[in-house]
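Below is one structure; the comments refer to it alone.
What follows is calculated from the coordinates using simple rules that are stated; it is not laboratory data. Just so it is clear, the model here is predicted, and its values are computed rather than measured. All Cβ positions, even for glycine, are placed from backbone atoms using ideal geometry, and neighbour counts span all protein chains on display.
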Amino acid sequence: MSSKTTSIRPPDTVDQQRRVSLADRIALRVGMSLIIWSRRTHRVRPSVDFATRQRLERELREREVALLVEGAAMRMWR
């Protein structure tokens, strides 16, 4: 039997509901909103040196060519 399926409290006791206070709920919502806002508005692109940029562009071209060749092969196969 998995430990996730067993309950810790005895079966004859009632599970008490734990209510979260209004202040805690508001604080959580404000905090999450600030995190999401800061990630959306502060887009800082990392500086990439010339060699890395060239390598990334070359890899992108290679992927595009491979996709075009694969598409052409699939059309010829039909």
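Before moving on, here are some points about what is shown:
- Radius 12 Å from Cβ of LEU68, net charge of other residues (Lys, Arg +1; Asp, Glu -1): 0
- Under the Karplus curve 6.51 cos²θ - 1.76 cosθ + 1.60, θ = phi - 60°, whole-Hz ³J(HN,Hα) for segment 28-36, x wherever Gly or Pro sits: 5, 5, 5, x, 5, 4, 5, 5, 5
- Projected label distance in nm at TRP37 and ARG61, using a 7 Å step from Cα toward the beta-carbon: 4.5 nm
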